[in-house]
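These notes are about the structure you will find just below.
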There are 2 protein chains.
Amino acid sequence: MEITVELLQEMISNKQIKRLREIFDDFNIVDLAELVQELSLQDLLFLFKILRNEITGILFSYFDSEHQETLIESFASHEIQDILDNLFSDDIAEFIEEMPANLVKKVLISATAEQRKEINLLLSYPENTAGSIMSTDFVELKKGDTIAQAIKKIKSQGKIAETINDCYVVDGERRLVGLVALKSILFQEADDLIDEYMEMDFVAVKTHDDQELVAQQMQHYDLLVIPVINEAQRFIGIITVDDIMDVLEEEVTEDIHKMAAIRPIEDSYLQASVMGMVKSRVFWLLILMISSTLAEHILAGYEEALATIPALAAFIPMIMGTAGNAGSQSSVMVIREISLKEISIKDIWKVIKIETHTSLLLGIVLFGVSILRIMILPPSVGLDIALVVSLSLIVSVLFSNVFGALLPLLAVVLKQDPAAMAGPLLTSLVDAFALIIYFTLCIGLLGIAI
Amino acid sequence: MEITVELLQEMISNKQIKRLREIFDDFNIVDLAELVQELSLQDLLFLFKILRNEITGILFSYFDSEHQETLIESFASHEIQDILDNLFSDDIAEFIEEMPANLVKKVLISATAEQRKEINLLLSYPENTAGSIMSTDFVELKKGDTIAQAIKKIKSQGKIAETINDCYVVDGERRLVGLVALKSILFQEADDLIDEYMEMDFVAVKTHDDQELVAQQMQHYDLLVIPVINEAQRFIGIITVDDIMDVLEEEVTEDIHKMAAIRPIEDSYLQASVMGMVKSRVFWLLILMISSTLAEHILAGYEEALATIPALAAFIPMIMGTAGNAGSQSSVMVIREISLKEISIKDIWKVIKIETHTSLLLGIVLFGVSILRIMILPPSVGLDIALVVSLSLIVSVLFSNVFGALLPLLAVVLKQDPAAMAGPLLTSLVDAFALIIYFTLCIGLLGIAI
């Protein structure tokens with residue numbers, strides 16, 4: 001049986017409560033959450049009344065923020081409480097962060113004292129820190145617990161915990177001292193101490209650490225869950241890898257945008273306002289436009305050379321374009337390796353060597369093809385010009401490749417973001433240098449008087 | 001105490017076996033793996049002799065492929081067997097895939113019959129498929145098992161399983177029928193059937209599914225583990241999210257490279273050969289160089305206009321550059337949204353609307369700034385030329401933005417890779433059109449006779 005919106009609508013209007021409950025027990029809840037959002041508010045509220053709180057909690061967590069707001073607006077206080085009861089704390093923090101102030105207030109008023117404390121804790125951390133994305137639903141054991149005590153705690157806390165694979169061990173002052181894998185204690189003697197099975201070489205992050213660092217740590221150490229501690233070393237939360245995947249996605253989008261000279265934009269493409277869109281793009285477009293004055297000046301300086309041999313103008317786009325493409329190839333490769341932590345400033349000589357060798361080989365190929373092309377395809381010019389044009393290609397590609405690769409490394413040294421600095425700056429500089437190389441070679445080798 | 005390579009070397013040369021064992025039990029194994037790779041082969045072999053097999057297995061899995069090869073070369077048959085015994089099957093497949101044929105043969109000869117079967121199974125799937133990255137270390141239960149039977153199986157299989165959070169339930173023909181969360185059965189009556197606690201709405205992937213699809217499914221459904229089934233629906237493996245994070249990283253690198261006109265490269269930047277580097281870059285550089293013939297032709301066609309008002313040439317880099325930057329902004333944004341599945345071809349009208357509105361607003365800003373700049377900064381020209389140049393900016397930015405956003409959507413319709421098609425093609429086309437727009441407006445509005 002395939003579940004469609006129409007089928008759900010029909011069953012709701014026929015009040016087929018039992019069948020609806022079965023469907024939400026049997027079918028995939030993520031898929032159902034997508035369908036359910038297409039229902040009318042009235043149908044949605046009916047569904048939320050008849051389904052188990054556990055199910056409605058999960059549905060709610062998968063809704064987009066628009067639907068979450070509408071529901072909170074429509075809900076009575078006890079209904080909000082039921083939702084809060086059935087959400088993991090990181091999901092609560094996530095939906096509240098997106099919500100307008102009046103609705104946040106409504107949620108906080110409806111919450112129990114315990115819930116309110118938890119929400120306020122999570123909301124108190126700045127955006128994009130470990131604290132703001134952590135969950136407070138974990139299993140906590142105490143140093144000196146016996147296996148029997150530990151299993152009892154796991155039994156009671158495990159139902160609401162995000163994971164029970166690993167349980168966290170704290171000392172008398174709630175400082176995190178180790179972790180215990182469930183599978184290592186599950187089948188041991190009941191009166192053994194958990195301390196014997198505790199791993200103390202765990203990796204943890206601090207509440208104010210940037211979420212990007214959390215992602216890096218989890219990836220480096222292949223972790224599914226990472227504990228979060230505060231300044232006083234106290235254990236206060238965990239972050240699971242599924243939430244980190246969203247973080248990584250955001251960071252990658254930001255990096256890709258930066259390389260294309262786009263400044264960070266809050267919303268996704270289809271949701272963004274025209275104003276937001278313009279803001280994210282206009283800054284670099286203006287900078288780049290104004291910096292192209294440089295190329296203009298250089299061109300103006302060679303007006304006489306152009307007047308002597310007008311055919312030279314025709315090759316400007318090719319030289320500038322090829323140099324620009326070569327530079328963006330090497331800079332993008334290096335930027336990506338930097339963000340993967342595969343290259344650092346100590347590799348600078350290796351990078352220069354790689355780019356020089358690559359450029360020389362590339363240059364030879366481009367030189368050959370360029371001469372052939374200039375001789376075969378119009379506009380037809382003499383062999384002397386073809387040689388000079390193609391030679392300029394070699395030199396400017398060599399320059400662009402080395403420069404493109406070094407600029408991101410320079411950014412790292414200056415503690416700037418390589419993607420934001422190297423991407424847009426590169427174009428203007430490479431354009432300018434390619435023109436200088438081209439005209440210098442033309443004047444020198446073709447014997448133009450200026 | 002901080003562990004350094006020097007400290008390890010000293011302890012090895014003093015044969016402080018007990019202290020070394022303690023260090024490898026107490027400190028983080030991922031960090032230690034990094035240090036240990038800086039030791040001499042002799043020291044490394046000594047370490048592998050004295051440490052527990054469990055520890056050496058994990059160390060080995062974190063080594064780079066060079067060190068893994070050296071060790072396999074040096075190991076005796078029983079040492080290879082110990083390593084294989086202590087690796088998860090996906091780690092085995094990963095290191096064998098990287099290894100030269102003679103060493104693969106050595107590993108296969110040293111392996112037990114059971115190990116050999118497993119390795120051959122994993123090696124039989126094409127690269128980048130779910131089968132090639134899955135692990136065969138999981139807990140498998142049978143439909144109709146009682147809780148007591150299940151717990152017993154978890155106890156025996158759990159030690160070598162990658163996760164025991166979820167256990168997989170198969171029927172008499174080993175077809176996957178559901179999964180059981182450990183926390184849902186752990187504290188139930190011993191003679192209940194697991195069927196009662198089984199979730200049947202699980203998501204699974206097929207062995208031949210592309211790893212990118214696996215990553216998407218796991219992200220969409222927020223999964224930490226996903227089961228893998230073959231064509232006959234039989235359950236044969238699991239994929240854990242930490243392996244999928246590596247897949248995502250690779251895919252993102254490939255996408256970023258494609259947008260910068262770089263073809264896929266096997267090795268990482270520092271490891272790649274000069275030949276490999278040239279291969280990945282030369283294709284698009286040549287295509288783009290040759291396609292710039294288009295811009296040359298266009299420029300050649302306007303030689304007379306340039307002869308009439310030579311100052312016009314000076315603005316060519318600015319117009320082409322700004323149009324190119326604008327086009328790459330819109331295309332990169334759309335390409336990223338397509339790869340995040342946030343935009344599809346059905347959004348085409350929305351995209352056109354967004355780009356038109358954004359461009360007009362951007363155009364107005366650019367127009368104003370451009371006029372000011374041309375009037376203030378040299379080379380000085382008349383207001384008429386400033387107006388025409390700035391007007392060309394508006395028109396060519398509008399064109400580039402819309403065109404840049406539509407090209408990736410067109411690629412999707414043509415079942416081509418948006419990043420590979422849109423990125424490099426865009427530049428040449430935008431250059432050509434920007435020139436045509438510029439000269440058409442110049443000739444029309446400045447009354448140049450051609």
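A single member of B:I147, B:I133 is crowded, with 20+ Cβ neighbours inside 10 Å, modelled with pLDDT of 85 or more, within 22 Å of the chain's Cα centre (by Cα) and of a type outside the set (D, E, K, R), and it is B:I133.
Of all residues in the range A:247-277, exactly one satisfies the criterion of being more than 26 Å from A:S331 (Cα to Cα) and either in the same structural domain as A:I338 (by TED's automatic domain parsing) or β-branched (V, I, T) (or both), namely A:V274. Against the test of being crowded, with 24+ Cβ neighbours inside 10 Å and either within 7 Å of another protein chain (Cβ to nearest Cβ) or more than 22 Å from B:L366 (Cα to Cα) (or both), the options B:A313, B:A307, B:A326, B:A300 yield a single qualifying residue, B:A326. Selection of the range A:114-138 for residues being under 14 Å from A:V214 (Cβ atoms) and of a type in the set (D, E, K, R) yields only A:E127. Of the residues making up the range A:19-27, none is under 33 Å from the mean Cα position of the chain (by Cα), of a type in the set (A, V, I, L, M) and at pLDDT below 90. Scanning the range B:323-346 for residues that are assigned to a helix (DSSP H, G or I) and polar (S, T, N, Q) yields B:N325, B:S328, B:Q329, B:S330, B:S331, B:S339. Inspect all residues belonging to the range A:192-204 and state whether any of them is within 25 Å of the chain's Cα centre (by Cα) and among the hydrophobic types (A, V, I, L, M, F, W, C). So far as the range A:192-204 goes, yes, one or more of its residues are within 25 Å of the chain's Cα centre (by Cα) and among the hydrophobic types (A, V, I, L, M, F, W, C).
Just checking, which of B:I55, B:I23 is within 28 Å of B:S110 (Cα to Cα) and either in contact with a Ser or Thr (Cβ under 8 Å, 6 or more places away or on another chain) or of a type in the set (A, V, I, L, M) (or both)?
B:I55
Residues that are of a type in the set (S, T, N, Q) and over 21 Å from B:N128 (Cα atoms) are absent from the range B:212-222 altogether.
In the range B:265-277, the condition of being of a type in the set (A, V, I, L, M) and under 19 Å from B:A419 (Cβ atoms) is met by at least one residue. On the stretch given as the range B:212-254, residues that are more than 19 Å from B:E342 (Cα to Cα), within 11 Å of another protein chain (Cβ to nearest Cβ) and part of a loop (DSSP other than H, G, I, E, B) total 2.
Could you tell me whether any residue of the range A:401-408 is touching a residue at least 12 places away in the same chain (Cβ under 8 Å), surrounded by fewer than 17 Cβ atoms within 10 Å (Cβ to Cβ) and within 11 Å of chain B (Cβ to nearest Cβ)?
Pass one, the range A:401-408, residues touching a residue at least 12 places away in the same chain (Cβ under 8 Å): A:401-408.
Right, trim to surrounded by fewer than 17 Cβ atoms within 10 Å (Cβ to Cβ) and you get none.
No, that holds for no residue.
Of all residues in the range A:342-369 being without any contact (Cβ under 8 Å) to a residue 40 or more places away in the chain and closer than 30 Å to A:I309 by Cβ, which is farthest from the chain's Cα centre (by Cα)? Filtering the range A:342-369 for residues that are without any contact (Cβ under 8 Å) to a residue 40 or more places away in the chain and closer than 30 Å to A:I309 by Cβ, the one farthest from the chain's Cα centre (by Cα) comes out as A:G368. For the range B:1-73, the helices (runs of 4 or more DSSP H) that sit wholly inside it and include 3 or more residues that are hydroxyl-bearing (S, T, Y) are B:53-62. Candidates are the residues of the range B:255-272 that are touching a residue at least 12 places away in the same chain (Cβ under 8 Å) and surrounded by fewer than 19 Cβ atoms within 10 Å (Cβ to Cβ); the one that is farthest from the other protein chains (Cβ to nearest Cβ) is B:P264. Looking at this structure, is B:A295 touching a Cys at 6+ places or on another chain (Cβ under 7 Å) and among the small types (G, A, S)? The answer is no for B:A295. Somewhere in the range B:225-236, is a residue in contact (Cβ under 8 Å) with a residue 40 or more places away in the chain, at positive phi and out of contact with any Pro (no Cβ under 7 Å at 6 or more places or on another chain)? Yes: one or more hits.
In the range B:285-297, the residue that is farthest from A:L312 (Cα to Cα) out of those that are more than 7 Å from chain A (Cβ to nearest Cβ) and in contact with a helix residue (DSSP H, G or I) (Cβ under 6 Å, 6 or more places away or on another chain) is B:S291.
Among the residues of the range A:365-383, those that are in contact with a helix residue (DSSP H, G or I) (Cβ under 7 Å, 6 or more places away or on another chain) and either small (G, A, S) or under 15 Å from A:A314 (Cα atoms) (or both) comprise A:S370, A:I371, A:R373, A:I374, A:M375, A:L377, A:P379, A:V381. Taken over the range B:179-211, the residue count meeting the criterion of being over 19 Å from B:M134 (Cβ atoms) and either in a loop (DSSP other than H, G, I, E, B) or among the small types (G, A, S) (or both) is 12. Looking at this structure, is A:D201 among the charged types (D, E, K, R) and within 14 Å of another protein chain (Cβ to nearest Cβ)? Yes.
Counting only residues that are hydroxyl-bearing (S, T, Y) and surrounded by fewer than 19 Cβ atoms within 10 Å (Cβ to Cβ), the range A:70-122 holds 4 of them. Of the residues making up the range B:339-382, those that are more than 7 Å from chain A (Cβ to nearest Cβ), buried (at least 17 other Cβ atoms within 10 Å of the Cβ) and of a type in the set (A, V, I, L, M, F, W, C) number 5.
If the condition is being closer than 21 Å to B:I80 by Cα and either buried (at least 17 other Cβ atoms within 10 Å of the Cβ) or not assigned by TED's automatic domain parsing to the domain that holds B:F75 (or both), then the range B:13-28 contributes only B:F24.
The values are calculated or read from the model by the stated rules, or taken from the named source; none is laboratory data. Only a predicted model underlies this, so the values are computations on that prediction, with no experimental measurement involved. Methodologically, a virtual Cβ is constructed for each residue, glycine included, from the backbone with ideal geometry; neighbour enumeration extends over all protein chains shown.
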